[in-house]
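Contents: one structure, followed by commentary.
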Amino acid sequence: MHQRKLGPFTVSAIGLGCMSLSYAYGVPPPVAHGERMLLAALDAGVTHFDTAALYGYGANEELVGRVLKPHRQKITLASKGGMAGVDVAGDGKLVRVIDGRPAAIRKNCEDSLRRLQTDVIDLYYLHRFDKKVPIEESVGELSRLVEAGKVRTIGLSEVSAATLRRAHAVHPITALQTEYSLWTRNPEIAVLQACRELGTAFVAFSPVARAFLTGKLLDVGTLDAKDIRHGMPRFHPANYAANLKLLPAYLQVAREVGCTPAQLAIAWLLHKADHIIPLFGTTSLDHLHEDIEAADVKLSPAVMAKLEGLINQSTVVGPRYSAQSQSEVDTEMF
């Protein structure tokens, strides 16, 4: 596996986002299958594993912690706080709450440490910028967690270049994580350059556009009723039908390069800049190995330009998030 720098860590060039093993895309796979997926990734050379308190309201951290505890010294472990399941009504039912107050962040971190069965988290992100709390206050608490030895480095998720700079003035930001792929190009507005200037790694999630760029999701009607993509405008039937028209030319490029469509999408990210680390997620062992092999795909400047001309902010139909979800992130809109 090729390597890249993630702050003080050297990690596999492609990391595993563990979310889908417990949450998001319909009914998650059996726990035993999740265990096999994690160990298969480790065996294949993945050393960067990413989870969060939100995923399965702690279930994903428990899975990752239990399975990877014997291999803790071999991996770079990332998790996130500031957004978690909270029993708001006191009825035992957890709901998603964004809370960037210092006390909430500290509690999230301590809960994550317990579930992950570790004394320290290598990279701990603020999962969402709570706009009711100055970013300096939230990052100040993350900095105190570093001082306390509970966290080694800190990151931010779904924030703008301006917020990144404000945060970095309080404490060095090791990584910024947000969605980035051929069909979600917002980071190109300012965030990628800000990361380069500050020495912050850019961790790109959903590199295959939530399966669109695999070329295998041809009918959104087949998605599970609980799949989060139902709430994303690009996956609404009319929009998705329009977006499918982009695929034939894209698939042709993959054939010309000699790789799969998913590998092409991940390879594009790896070629964009050396401070970008794609973070893929899957529940399929076959797709796991397929995606990892994207690190060996070589793309010429001409192919990169062709891809960017085919799929971009002007050719994709529909925003990536609903208005409500977009209001919760701090990233630039096209």
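Every number in this text was worked out from the coordinates using simple rules, so none of it is lab data. No experiment lies behind these values; they were computed from the predicted model shown. Heads up, the Cβs are rebuilt from the backbone with ideal geometry, glycines too, and the neighbour counts pull from every protein chain shown.
Only residues that are of a type outside the set (Gly, Ala, Ser), surrounded by fewer than 22 Cβ atoms within 10 Å (Cβ to Cβ) and touching a residue at least 60 places away in the same chain (Cβ under 8 Å): list them for the range 20-70, please.
Residues satisfying the conditions are Tyr25, Val27, Pro28, Pro29, His33, Arg36.
Might you let me know whether the range 185-208 holds any residue that is surrounded by fewer than 18 Cβ atoms within 10 Å (Cβ to Cβ), within 16 Å of the chain's Cα centre (by Cα), among the β-branched types (Val, Ile, Thr) and not in a strand (DSSP E or B)?
No - not one qualifying residue is present in the range 185-208.
So, of the residues in the range 90-102 that are touching an Asp or Glu at 6+ places or on another chain (Cβ under 9 Å) and over 18 Å from Ser79 (Cβ atoms), which turns out to be surrounded by the most Cβ atoms within 10 Å (Cβ to Cβ)? Working first, answer last.
First, pick out the residues of the range 90-102 that are touching an Asp or Glu at 6+ places or on another chain (Cβ under 9 Å): 93-95, 98-102.
Pick out the ones that are also over 18 Å from Ser79 (Cβ atoms) and you get 93, 95, 101.
Working: Lys93: 10, Val95: 11, Arg101: 15.
The selected residue is Arg101.
State which residue pairs qualify: first residue closer than 22 Å to Arg229 by Cβ and inside the range 296-324, second residue aliphatic (A, V, I, L, M) and surrounded by fewer than 18 Cβ atoms within 10 Å (Cβ to Cβ) in any location, beta carbons under 7 Å apart, and separation of 6 or more residues or different chains.
Taking only residues 6 or more apart or on different chains, the pairs are Leu310/Ala249; Val317/Ala242.
If Thr331 satisfies every condition in (1) under 25 Å from Tyr25 (Cα atoms); (2) surrounded by fewer than 16 Cβ atoms within 10 Å (Cβ to Cβ) but one, which is the exception?
All conditions are met except number (2).
Out of (1) without any contact (Cβ under 8 Å) to a residue 12 or more places away in the chain; (2) within 20 Å of the chain's Cα centre (by Cα), what's the single condition that is false for Leu77?
Failed condition: (1).
Identify all residues within the range 122-150 that are in a strand (DSSP E or B) and buried (at least 24 other Cβ atoms within 10 Å of the Cβ); write none if there are none.
Of everything in the range 122-150, those that are in a strand (DSSP E or B) and buried (at least 24 other Cβ atoms within 10 Å of the Cβ) turn out to be Leu123, Tyr124, Tyr125, Leu126.
Looking at the range 219-246, which of its residues are among the aliphatic types (A, V, I, L, M), within 23 Å of the chain's Cα centre (by Cα) and under 27 Å from His289 (Cα atoms)? Walk me through how you get there before you give the answer.
As a first pass, look at the range 219-246 and keep what is among the aliphatic types (A, V, I, L, M): 220, 223, 225, 228, 232, 238, 241-242, 244, 246.
Okay, now just the ones that are also within 23 Å of the chain's Cα centre (by Cα), so 220, 223, 225, 228, 232.
Residues satisfying the conditions are Val220, Leu223, Ile228.
Cβ contacts < 8 Å: first residue touching a residue at least 60 places away in the same chain (Cβ under 8 Å), restricted to the range 188-199; second residue outside any helix (DSSP H, G or I) and of a type in the set (D, E, K, R), any location; separation 6+ or different chain. Result?
Close Cβ pairs (under 8 Å, with a partner that is outside any helix (DSSP H, G or I) and of a type in the set (D, E, K, R)) amount to Ile189/Glu332; Ala190/Glu332; Val191/Glu332.
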